[in-house]
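What follows is a set of notes on a single structure, which appears directly below.
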Amino acid sequence: MNEVLLIIGMFLATFSTRYLLFAVAGRVHFPEWLSTGLSFVPPAVLTAIVFPAVLMPEGEMWFSLDNPWLLAGIGAVIIALVRKDLLTTIVGGMAIFITLKFVVGLG
Amino acid sequence: MSADTVTENIPQDAEDKRHNAEGNATPRQEFFAGARATIPLIVGAIPFGIIFGTLAEPSGLSAYGAMAMSLFVFAGSAQFISLGLLSAGAALPVIIATTFIVNLRHMLYSANLVPKVRHLPQRWRIAMAFGLTDETFAAVSNRYLLQDDIRHAHWFYLGSFLAMYSNWVLCTLLGIALGELFPDMTKWGLDFAMSVTFIGMVVPYLKNKPMWAAVIVAGAMAIATVALPHKLGLIVAAICGIATGLSFHLLEKKRNTQAGGEFS
């Protein structure tokens, strides 16, 4: 992987989304459906990354109660639903994962 | 400075604060007020910066690459996602396309801010665009809501941006150092840290049916398309999720207007 190209590419992809409307700063009308559609982008992309990471942590489908990634992922969802605090979710989810994997010895 | 502090202690008297700001907020005062207003949001970003720096090398991004990414790209979620894609062996165009899609939300922010930057020269707009993160958007939106006078508000923006930026770069550096000190950290399950961070970011969005539908479809499609080359499945899954969410939203809206029509 060429890291220079990677960073130039990511810079352009990021900066263009932030600068385009500032650059023209004219009368740009944002249709409502587009704003709504954009609001689904972050959760959809993040979920599309998380599902394979917890359901197929070692490359194959592992839908079972001895998969620590899956159990800790479910635990993290519950913590996030109850506490609504990012840091609590990260710490709690990691604690469950480490306990299951290294104390209980799952996986 | 003291007058500024006094009025800040009585936020219920917004009218008074506005008056005061119109009278004597200098660029310098605006700059520091911007930095100060961003501190609570910066605290939330600290673990991200550190985890990003720590995960970089195990994901296949060199320490220099991680530093350069924080310095030049400056986009937390996109940087995280790029690490996930790198470690999964995604191709370069896929990572760049995903970065673009993830950052489309910034276009929404900039659309909101256009009326406030219209009068500024391009060099200011370029600097402000570069620093347009979720955190700075939140801080400056609040500033624009509270005070009408925007003569020096771009200094407030700059203060917020530079506070956020320096913190992000420092935390990345700290994370890289931690990663070098404890190179075995991935064996302790740090790969799960990324998943759990993303879960914590997604769950607050789940407030209505369209959002649940978008997330469930995106997740299921990601599993179904996992065999596609270059991790292209991620983009397919995201688009399916977004389309599902938007369809649900439009259906609900249609049903509501119909119900409203029956009663009126």
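Checking residue B:63 against (1) more than 14 Å from the chain's Cα centre (by Cα); (2) within 11 Å of residue B:172 (Cα to Cα); (3) surrounded by 20 or more Cβ atoms within 10 Å (Cβ to Cβ), which single condition isn't satisfied? It is condition (3) that residue B:63 fails.
Consider segment B:130-149 and keep the residues that are under 28 Å from residue B:59 (Cβ atoms) and assigned to a helix (DSSP H, G or I). The one that is nearest to the other protein chains (Cβ to nearest Cβ) is B:130. When B:48, B:31 are screened for being at pLDDT 95 or above and not basic (Lys, Arg), only B:31 passes. For the criterion of being surrounded by 23 or more Cβ atoms within 10 Å (Cβ to Cβ) and assigned to a helix (DSSP H, G or I), residue A:23 fails. Among the residues here, residue B:137 does not qualify as in the same structural domain as residue B:33 (by TED's automatic domain parsing), of a type in the set (Phe, Trp, Tyr) and out of contact with any Leu (no Cβ under 8 Å at 6 or more places or on another chain). Applying a threshold of 7 Å to beta carbon distances and a minimum spacing of six or more residues, or different chains, the list of pairs starting in segment A:90-107 at a residue that is surrounded by 15 or more Cβ atoms within 10 Å (Cβ to Cβ) and ending at one that is of a type in the set (A, V, I, L, M) and outside any helix (DSSP H, G or I) reads A:100/A:106. As a summary of the residue check, residue B:167 satisfies the conditions (1) under 26 Å from residue B:84 (Cα atoms); (2) over 18 Å from the mean Cα position of the chain (by Cα) except for the one numbered (2). Within segment B:166-178, residues that are closer than 13 Å to residue B:69 by Cβ reach partners that are buried (at least 16 other Cβ atoms within 10 Å of the Cβ) and among the hydroxyl-bearing types (Ser, Thr, Tyr) with beta carbons closer than 8 Å, at six or more positions or on different chains, in the pairs B:168/B:70; B:169/B:70; B:172/B:70; B:175/B:54; B:176/B:54. Candidates are the residues of segment A:87-104 that are β-branched (Val, Ile, Thr) and more than 20 Å from residue B:43 (Cα to Cα); the one that is nearest to the other protein chains (Cβ to nearest Cβ) is A:98. No other residue among B:70, B:110 is surrounded by 17 or more Cβ atoms within 10 Å (Cβ to Cβ), part of a helix (DSSP H, G or I) and at the interface with another protein chain (Cβ under 7 Å from one of its Cβ atoms) apart from B:110.
If the condition is being closer than 19 Å to residue B:123 by Cα and more than 7 Å from chain B (Cβ to nearest Cβ), then segment A:7-19 contributes A:12, A:16.
If you check residue B:232 against the conditions, is it more than 17 Å from residue B:81 (Cα to Cα) and either at pLDDT 85 or above or not assigned by TED's automatic domain parsing to the domain that holds residue B:97 (or both)? Considered against the rule, which asks whether it is more than 17 Å from residue B:81 (Cα to Cα) and either at pLDDT 85 or above or not assigned by TED's automatic domain parsing to the domain that holds residue B:97 (or both), residue B:232 comes out as no.
The values are calculated or read from the model by the stated rules, or taken from the named source; none is laboratory data. Fair warning: this is a prediction, and the values are worked out from it, not measured in the lab. Every residue, glycine among them, receives a Cβ derived from its backbone with ideal geometry; neighbour counts consider all protein chains shown.
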